[in-house]
Amino acid sequence: MTSVPLAPPNPAEGDARPADVSLGVVSLRGVSFSYGTNVVLRDVNLDFAPGSITALLGANGAGKSTLIKALSGANPRYTGLISVAGEEAALSSPTVARHLGISAVHQKVADGIVPGLTVAENVLLDDLAGGLRGALRNRRRDLANARTALAVLGLHWSDRVLGQDARDLRISDAQLVTLARALRSTPRLLILDEPTSALTSAEADRLFEVLRALRADGLAIVYVSHRFGEIEALADSVVVLRDGTVQSHSDRPFAWNGILHDMLGRATELSQQRVSADRGATVVAEVDSVPLLPGAAPVSLTIRGGEVLGILGLIGAGKTELAEILGGLARPAAGTLTLGGEPYAPRRPGDAIRSGVVLVPEDRQRQAILPGWSVAHTITVPFLAEASRWGTLRTGRETARAAAVVADLDVVTESVDTPIDDLSGGNQQKVVVGRWLSASPRLAVLDEPFRGVDIAARRGIGDRLTDLARSGGAAVVLSSDVDEILEVSDRIVVLVAGVVALDGYADELDRARIVEAFLGETQPASVQTSPAPAEGITT
Amino acid sequence: MSQLPTGQGFSAPPRVEAAIDRVRASVGERVSAGVVRWGFVAVTVLLIAFFAITEPNFRTVDNAFGMLKFIAPTAIAGLGVMIAMTVGGIDLSVGASAGFAVSIAAWTMVVGNQVGGVAVGVVLLCGALIGALNALLIVVARIPDLLATLTTMFVIVGLKLLIVDGKSISSRMTLADGSTAPGKFTDDFLWLDRGSIGPVPVPVVIFVLLTALLWFLLERTRWGRALYAVGANSEAARLAGIRVQLYRTAAYVGCGLLASVAGLLLAARIGQGDVSAGNSLLLDAVAVSLVGVSVLGIGRPNAWGTALGAVLIAVMVTGFTMVGLPYYAQDFGKGLVLLVALLFSFTFSRKRTVVVAGSMTN
């Protein structure tokens, strides 16, 4: 067992790696895992070499998360052999895994942050968990250690930020905190589960630089992502998981169509370029002179039925603010909204829903999932009045509605009575999107609907949005991912710092122009190094 | 809402942690879902069988009704706590509310010289107001439920003592000015305890009716579903169009009403405005509703489970008394029942338990 220094030196500078790092290969031989009778990993054989980045790909439910949990000690009941540095390891808990040099940053950022502790304490959380050693805290030393740890990521947060409650961190900053923490123990294997899903592109670029430096330094990295561009830019090899087995293992150069085929089990074109874009005829909603961010110029926007409107913007560009105003969660500071020509001023989400405006919120776990509830009950919760007579719920109506949603979006679930928690992230999202679409809304607003959603689920959701538009409804998708927006939208609006920077139809725009509008003006704004409390989100 | 992050093993050293995991896993497998589901029912049935065999006095219809009558106020207050728990809250003021109801009922009849019906109306109104006060503190002032209802508890107990000058109120008592109180506990009021419908005592009828009503409300109506949604994830419920604040308010008002019903039954039983009545009700009511979460393996607050938990405690207390155990052994027994119930719902059950008692939601 390697000793884990309390305050490790900056790994990016390449000094003081554990001496035996050249042996630090993590190998899996015949690793399987099942939940009851449900086999989620089957006989997995993999080697993670030092100084290389292995991308782990797979559709939702392919077994990626289970594999990562086994490696990081969170699934101690795997069968088969995992060896670390040539020796068989019993990865019985995350602490054991960490002491063996395996660190993981999990996808659900909220799980990695302890609200109530300061940002600095969250960075140093492993010390707090370390028993008696370091039981006495020294605030100044903590701040210094936290600064050192964050400097590895090129972050220089002020003491004021380090001393504030981690509860107030924005999701992207929280992500960086968990990453800084994982790197503190100078691991030999670093597992990153969709680390960029909450990051702006500038933050992601900085992360990539860090990862390249760490790789040069001899670290083995497992990188899970759904974004092929990132993998192309970063990975040395790609492992594709499907149905719990390793489908393929390829080195550079990557044959993407083959990889996609391995992943999805059917031929899917990598880039779905829109050749034609529908033009909406009817005005469904109008946003008139509404400022999205404090101090920003007011925004006016026409939302038309018959088209899918993709709104592209970085975190902090005002996307969520716009979504919340439309969905009745927040009231506009100024300006007016109209819906179907009538004034529209929802005071709460219920008003919006009754007016035919539905919102798929940004944070699925926190804002949409009811823990322990069945798929059917999750689907019917906004429509309880329709599902009941004289206030009494009709099971038949509930089941029928749920079955329709499950069929419509190809939700992979045993039955509509399965707990929603048992579904993979992509299928949970399908349930959440599908339930709103089942109301045939006039306007569907989807805030980052594809976060942690595999490509097949994304296409499924995109197709349903097109269907909604074809039948005269309006769909608004807000995202910070250019490819997602290009894939689903007829019309594209780029939002920069609360202001519309570009508005045009997909077939008249090219990627370069979009990216230019998207990034050009934001360079100064996106180099955010100090987190501010999230706005408009109830904690 | 703070949860320890997975992957950040806290405090326990790795080997201990792994051992705990192993034990939990093996016990979890052995204690199958069926045991979790029916274990408590089985224990209740076994206890009943045991006492019925060993104690001839236990196996009578009179005793059965007697036990149910005895536990009815506790059970009804427990149903109140259960409602607060469905929205993810807790109400620690139920005991104080019931005690307040006892004194107010007595005061209305004895000092105010009113009939029982009026007393019932006044008491129910007070119960609803206490619930509304709780809701005001929790929903509007956003004080955490545990602290808000603790405060209310003190306020109500204090208010009660001020109203009755710190004294128990009995029929035809001598008032502070030396005169005799004009009223008494009326017969129609006492009927709440001594009356019966057919062979069934009135408190038992009320207990069963309220249980059935709440079961129907929570499980079969959209309002019940919405209450559970608020408890499961209030933000998700709000985004689904549910008036979260309204439902939370309704839950606390409902809880206050049920606590005052419990108080009415206590007042009718005692036959006077005992100033200390209701003091012991809180812990039993909370225990019963917590037992209710685990009883049928449902994993969330529910009406039948709460009623069953109350029956179990009634059987235990009555049986132990008949066997000759001292009354002061009762709390120990109740504590054990609660411990086992909590082990079932939190430790052995695979199902996620959705009781967030005392959650600091804001």
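Counting Lys and Arg as +1 and Asp and Glu as -1 over every other residue whose Cβ lies under 14 Å from the Cβ of A:L337, the net charge comes to -3.
Tell me the GluC sites (Glu not before Pro) within the range A:316-408 that lie in a loop according to DSSP and have at most 16 other beta-carbon atoms within 10 Å.
Qualifying residues, ordered by number: A:E386.
Is the shape of the range B:75-227 rounded, prolate or oblate, going by the alpha carbon gyration tensor and its root eigenvalues a ≥ b ≥ c, with a/c under 1.5 for rounded and a/b larger than b/c for prolate? Note, shape of the range B:75-227 comes out oblate.
Averaged over the residues of A:90-96, the number of partner chain Cβ atoms lying within 10 Å of the residue Cβ comes to 6.
Reducing the range A:392-440 and the range B:44-66 to their Cα centroids gives an inter-centroid distance of 48 Å. In the frame of its principal axes, the range A:428-505 has Cα extents of 33, 28, 18 Å, reported largest first. Summarising the amide proton neighbourhood of A:A235: residues at separation of 5 or more, or on other chains, whose placed amide H is nearer than 5 Å comprise an empty set.
Determine the relative contact order of the range A:369-435: mean sequence separation of Cα pairs under 8 Å and six or more apart, normalised by residue count, in whole percent. Kindly include the intermediate steps, with their values, before the conclusion.
Details: 83 pairs, mean separation 28.8, N = 67.
Once normalised by length, the contact order is 43 percent.
Take every Cα pair under 8 Å whose residues are at least 6 apart in sequence, average their separation, divide by the length of chain B, and the relative contact order is 33 percent. Take each residue of peptide A:382-389, count the partner chain Cβ atoms within 10 Å of its Cβ, and average: the result is 4. Over all pairs of different C-alpha atoms, the range A:369-435 has a mean inverse distance whose reciprocal, the Kirkwood radius, equals 11.7 Å. Assuming charge only on the beta carbon of Lys and Arg (+1) and of Asp and Glu (-1), the dipole of the protein assembly as shown about its Cα centre is about 2240 debye to the nearest 20.
Counting only DSSP beta bridges with both residues in the protein assembly as shown, tell me the antiparallel percent, nearest 5. Before the final figure, lay out each step's value.
Working: 48 of 84 bridges.
Antiparallel bridges: around 55 percent, rounded to the nearest 5.
Take each of the peptides A:285-296, B:79-90, A:428-439, average the number of other beta-carbon atoms within 10 Å over its residues, and list them starting from the highest. Working shown, then result.
Numbers: A:285-296: 17.2, B:79-90: 30.0, A:428-439: 23.9.
Ranking, from highest mean packing down: B:79-90, A:428-439, A:285-296.
Spherically averaged projected area of the convex hull of Cα atoms, the protein assembly as shown: 41.4 nm².
Farthest towards the positive end of the charge dipole of the protein assembly as shown, among the residues B:M153, B:G178, A:V290, is the Cα of B:G178, using unit charges on the Cβ of Lys, Arg, Asp and Glu.
Ranking B:G224, A:S83, A:G313 by how far each Cα lies toward the positive end of the dipole of the protein assembly as shown (charges on Cβ) leaves B:G224 at the top.
Distance from the C-alpha centroid of the range A:465-490 to that of the range B:248-289: 55 Å, rounded to the whole angstrom.
Oblate is the label for the range B:135-218, because the ratio a/c of its alpha-carbon gyration tensor axes (a ≥ b ≥ c) is 1.5 or higher and a/b is not greater than b/c. A simple charge model with +1 on the Cβ of Lys and Arg, -1 on the Cβ of Asp and Glu and nothing else charged puts the dipole of chain B at about 940 debye relative to its Cα centre.
Within the shell defined by Cβ-Cβ distances under 12 Å, the residues around A:K64 carry a net charge of -2, with Lys and Arg each +1 and Asp and Glu each -1.
With +1 assigned to the C-beta of every Lys and Arg and -1 to the C-beta of every Asp and Glu, and no other charges, what is the dipole magnitude of the range B:222-345 about the Cα centre in debye, to the nearest 20?
Working: 8 positive and 4 negative charges, 109 e Å.
Roughly 520 debye, rounded to the nearest 20.
For B:L175, the shell of other residues with beta-carbons less than 14 Å away shows a net charge of +1, using +1 for Lys and Arg and -1 for Asp and Glu. For the range B:192-297, the alpha-carbon radius of gyration amounts to 1.29 times the rule-of-thumb value 2.2 N^0.38 Å expected for a compact globular protein.
Here the Debye sum runs over all C-alpha atoms of the range A:69-216 as equal scatterers in vacuum, and log10 of I(q)/I(0) at q = 0.13, 0.19, 0.20 Å⁻¹ comes out as -0.60, -1.21, -1.31.
Counting Cβ atoms of other protein chains within 10 Å of each Cβ in A:321-331 and taking the mean gives 1. Determine the alpha carbon to alpha carbon distance for each of A:K69/A:K319; B:K160/B:K334; B:K69/B:K184 and list only those over 31 Å. Pairs exceeding 31 Å: A:K69/A:K319. Normalising the Debye intensity of chain B to I(0), with uniform scatterers on Cα atoms only, and taking log10 at q = 0.08, 0.13, 0.14 Å⁻¹ returns -0.43, -1.05, -1.19.
Think of the protein assembly as shown as having a plus end and a minus end, set by charges on the Cβ of Lys, Arg, Asp and Glu; of A:W157, B:A135, B:V253, B:V253 sits farthest toward the positive end of this dipole.
Rule-based calculations on the coordinates, nothing more; no lab input. Since the model is a prediction, treat every value here as computed from it, not as a measurement. Every residue, glycine as well, gets a Cβ built from its backbone with ideal geometry; the counts of neighbours run over all protein chains shown.
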